[in-house]
Amino acid sequence: MGSFYLSTPIYYASGEPHIGHAYTTILADVLARYRRRAGDDILFLTGTDEHGQKIQEAAAAEGVTPLELCDVMAGRFEAAWEEMGISHDRFIRTTEAEHIAVVRALLERLYDNGLIYEAEYAGWYSVGQERYFTEKEIGPDRVDPIAGGPVQRIREKNHFFKMSEFRERLVRHIEDNPEWIVPATRRNEVLGFLAQGLADLSISRPRSRIHWGIPLPWDSDQVTYVWVDALTNYVTASGAIEPGAAREERGFGDSRRPSWWPCDVHLMGKDIVTTHAVYWPTLLMGADLPLPRKILAHGWWVVGDTKMSKSLGNVVDPLDLREQYGTDAVRWYLMREMPTGQDASYTPDRFLIRYDELRNIFGNLAHRTLSMVKRYRVGTVPDAPAESLARETAQAMTAYRRGLDDYRFHEGFAAAMDLARAANGFVEAREPWALARDPGRAVELDETLATLVRTLAVLAVMFEPVMPVQARELALRLGLEHVPLLADLETVDLSGRTVRVGQPLFPRVDPGSSDQEESPVT
Ligand code: MSP
């Protein structure tokens, strides 16, 4: 038991929530729920990134003020997360007064540490990515190398952070901590990037060009570069810097003001690793703050070999399947199908295969077990030892915990599904329907049913992080008040509880319509 602080990126308030945002956020939710189930105290942070040129332009295009746009969009993100069952503890907005004060305090720290200077800057800027790229990165076609959008030539006065001074310290940190950036492909990319040298970071923009941002504390004609502003949200939410006390922020881990900093893991997509693994840690070093403990980058949902994105017009959105199949099924698909860290391609066929797996293995096991307890034992869980499947359960639990602890969620959940598969095999082998016909084998039937009910309780616990709605429903049908904590699984007493059969957890769905029909009881 301990405490655990995790974050998603904060999403640009200029666009609607989509599969990419949902994937990062569900990944974080799974981790948060798993850790809570393991007994940890959690701070799960998400939110919206609301300053900068992108937002300013999007608002202008709609004829509203930037803040009006952000109010609407922040609301859409919050509503989307509620619908997806996201259990965040804090939704941060970078336009909050507290955040603005913390950004200014952090900048002052850098300034006081002698790490800021003023200079003329000329470069290629992508509004889409809100960052500069080098001549080499944009190539002969002069497009942003991440999404292929336009770049513009900009020459202006900026304030710079002496990021170059931290290159060696950062390289050493990455080399000494091989698990700091995962997966290893991303770590190698960052090391490759650093091997080419590290320039200083422009941390401001002239207000005459971008008015929508946080003014620098020492130069109100300049606003804070949106990535510096955005990354700082992780510190704001941690409480490590007391707003309003700009120059007197207290110590970290200070007993007077306990804070959540450093973050245990920053989750994100692979496209924003450089900002998180280079800009952010060097800024923290400059401000004398500890580094986050881990940076985890996941892959992209792709179509063919291109990132799925609204601006590319190639979105085939699994989120559209929620209405027909339910949120849990979509979460299951996203978590089970993408090996954490790699790219995956969404296809309706693969979705159906994963749904059938849920329905035929887990859903079926739940339905047949509950039905048999009802039919053979009038709905009361027999008071009998649940001795079978002990080895399979222990093995599945070990593999499950290893998968979730090591950020290989797909493997953890596959192990849980294997346990459900083994339990179905156990039903076939025991043939409870035959036992029920033979009064001399009542003890065996009791033991069989008790084992199956216990296995369902274990599965409710294992699946809760990914399928919170149906896991809870299953726990209630088993006569439990809630899904147990991992540590309580050993002691929770199921015998004598009254089960409820109900509709199948994952009904048969005709992909052509939204009518649902019940799956047969076996
Ligand atoms: N505002 C910045 C993050 C600042 S964090 C201090 C930003 N926002 S974003 O709205 O573009 O959201 C980015 C997140 O969505 C990233 O984690 C990104 O990888 C993810 N995705 C966007 N499209 C995606 C896919 N097609 N597939 C998976 N995730 C992708 O960047």
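Some values worked out for this structure:
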| quantity | calculated |
| --- | --- |
| Length released on extending from ASP343 to SER87, taking residue separation times 0.36 nm less the Cα-Cα span | 89.7 nm |
| Estimated translational D of the chain in µm²/s (Stokes, Kirkwood radius over Cα pairs; 10 °C; 1.306 mPa s) | 63 µm²/s |
| Shape metrics for segment 1-79, restricted to C-alpha atoms - Rg then Dmax, Å | 15.3, 50 |
| Longest DSSP-loop-exposure-free segment, GluC sites (Glu not before Pro), the chain, at most 10 other Cβ within 10 Å | 1-386 |
| DSSP bridge pairs, the chain: antiparallel proportion in percent, nearest 5 | 55 percent |
| Whole-angstrom gap from segment 208-245 to segment 429-449, using each part's C-alpha centre | 68 Å |
| Peptides 359-371, 31-43 ordered by average Cβ neighbours within 10 Å, highest first | 359-371, 31-43 |
| Long pairs among LYS157/LYS307; LYS270/LYS294; LYS162/LYS307; LYS54/LYS157; LYS157/LYS270, criterion Cα-Cα beyond 24 Å | LYS157/LYS307; LYS162/LYS307; LYS157/LYS270 |
| Net +/- balance of residues flanking THR327 in space, Cβ distance below 13 Å, scoring K and R +1, D and E -1 | -4 |
| All-pairs alpha carbon distance profile, segment 367-412, 10 Å steps from 0, percent | 24, 28, 28, 19, 1 |
| Percent of C-alpha pairs per 5 Å bin, segment 366-514, short to long | 2, 10, 19, 22, 21, 14, 8, 4, 1, 0 |
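Each value in this text was obtained by applying a stated rule to the coordinates, not by laboratory testing. Keep in mind that this is a model prediction, so the values were computed, not measured. Please note: Cβ atoms are built from the backbone with ideal geometry, for glycine as well, and neighbour counts cover all protein chains shown.
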